[in-house]
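Trainee: One structure, pasted below without further comment.
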Amino acid sequence: MGIEFTILGRGRAGRALAEAWGPRVALREHSARPEGLVVLAVPDRAVPELAAQFPGRCAHLAGSLHLEGVPCAHPLTSFDGRARDWTGTPLAVTGSLPDELARAFGDLGFAAFDLRAELKPLYHAAAVLTSGHAATLWLGAEALLRGQGLALPGRGLLPLAEATLRNVEAAGAAGRTGPFVRGDEATIARDAEALPAPWREIFLKLGRGLD
């Protein structure tokens, strides 16, 4: 089997997908101008200019950006540059994705769904809240403890994060635990007082965000 299409972009997404697809794809730098079908795995700001270089034969991966006439396939995952098991991972498709690419993503286990262009920013904001902001909260919590000389043993806060996600996956909002769910105002006030002012505001706003 020969090369079916080219991925432009050697970032984490490009490398991971190229590894997963193997010999059916070529992985090239941004500056390459290959023939045939092209997947733009590049930062959002680079997509419009590159898409113009491949009219009618490219698709991009940018979850928030919409370009009229340029299809998008956005994998709802966090890439680390390596092939993973993406079975059941949503793939947001906007526009008419070429059949070759639809099959290729399906072969990796992605679950495609149609995403209207006007909903892309909201969809991507929800993704950022789930991934980037959740990571910021977790890393920030570790930094707060580390700043006071408190180093948790074992795997640190990770088992708590994993257990929380399992509970929410199984029970939805009912899977939430902690003082805000219990209405334990004394504990909430004591915990909030221990935090620096910026983190205190985040702590209280997020805690009451679903009330």
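The values are calculated or read from the model by the stated rules, or taken from the named source; none is laboratory data. Just so you know, these numbers come straight off a predicted model, no measurement behind them. Please note: Cβ atoms are built from the backbone with ideal geometry, for glycine as well, and neighbour counts cover all protein chains shown.
Trainee: Exactly one condition in (1) within 21 Å of the chain's Cα centre (by Cα); (2) over 30 Å from ARG57 (Cα atoms); (3) of a type in the set (A, V, I, L, M) is false for ALA126; which is it?
Mentor: (2)
Trainee: Scan the stretch 175-211 for residues that are among the hydrophobic types (A, V, I, L, M, F, W, C) and surrounded by 13 or more Cβ atoms within 10 Å (Cβ to Cβ) and jot them down.
Mentor: Residues satisfying the conditions are PHE180, VAL181, ILE188, ALA192, LEU195, TRP199, ILE202, PHE203, LEU204.
Trainee: Can you give me the number of residues within the stretch 35-46 that are buried (at least 20 other Cβ atoms within 10 Å of the Cβ) and free of Cβ contacts under 8 Å to residues at least 24 places away in the same chain?
Mentor: Count: 0.
Trainee: Follow-up. Inspect all residues belonging to the stretch 106-115 and state whether any of them is without any contact (Cβ under 8 Å) to a residue 12 or more places away in the chain and more than 30 Å from LEU27 (Cβ to Cβ).
Mentor: Checked against the condition, which is being without any contact (Cβ under 8 Å) to a residue 12 or more places away in the chain and more than 30 Å from LEU27 (Cβ to Cβ), the stretch 106-115 yields no hits at all.
Trainee: Hey, among the residues in the stretch 7-29 that are of a type in the set (A, V, I, L, M, F, W, C) and part of a helix (DSSP H, G or I), which one's nearest to the chain's Cα centre (by Cα)?
Mentor: Of everything passing the filter in the stretch 7-29, ALA13 is nearest to the chain's Cα centre (by Cα).
Trainee: Let me ask another. From LEU119, LEU150, LEU91, LEU158, grab the single residue that is touching a Phe, Trp or Tyr at 6+ places or on another chain (Cβ under 6 Å) and of a type in the set (A, V, I, L, M, F, W, C).
Mentor: Going through LEU119, LEU150, LEU91, LEU158 in turn, the sole match is LEU91.
Trainee: Which of the residues spanning the stretch 80-104 are in a helix (DSSP H, G or I) and farther than 18 Å from LEU65 by Cβ?
Mentor: ASP99, GLU100, ALA102, ARG103, ALA104
Trainee: Let me ask something else. Identify the residue in the stretch 142-155 that is closer than 20 Å to TRP199 by Cα and of a type outside the set (A, V, I, L, M) and, among all such residues, is surrounded by the most Cβ atoms within 10 Å (Cβ to Cβ).
Mentor: GLU142
Trainee: I'm checking my understanding of the structure. Among residues of the stretch 47-85 that are of a type in the set (D, E, K, R) and in contact (Cβ under 8 Å) with a residue 60 or more places away in the chain, which one is farthest from GLU4 (Cα to Cα)?
Mentor: Among those residues, the one meeting the criterion is ASP80.
Trainee: A further question follows. What is the residue count in the stretch 52-69 for residues that are surrounded by 23 or more Cβ atoms within 10 Å (Cβ to Cβ) and either of a type in the set (D, E, K, R) or more than 17 Å from LEU119 (Cα to Cα) (or both)?
Mentor: 2
Trainee: Kindly establish whether ALA171 is modelled with pLDDT of 95 or more, in contact with a helix residue (DSSP H, G or I) (Cβ under 9 Å, 6 or more places away or on another chain) and outside the structural domain of GLY69 (by TED's automatic domain parsing).
Mentor: No, not satisfied.
Trainee: Next question. Within the stretch 121-141, is even one residue at pLDDT 95 or above, loosely packed, with under 11 Cβ neighbours inside 10 Å and more than 30 Å from ALA20 (Cα to Cα)?
Mentor: no
Trainee: Would you call ALA32 assigned to a strand (DSSP E or B) and either on the phi > 0 side of the Ramachandran plot or surrounded by fewer than 22 Cβ atoms within 10 Å (Cβ to Cβ) (or both)?
Mentor: Answer is no for this residue.
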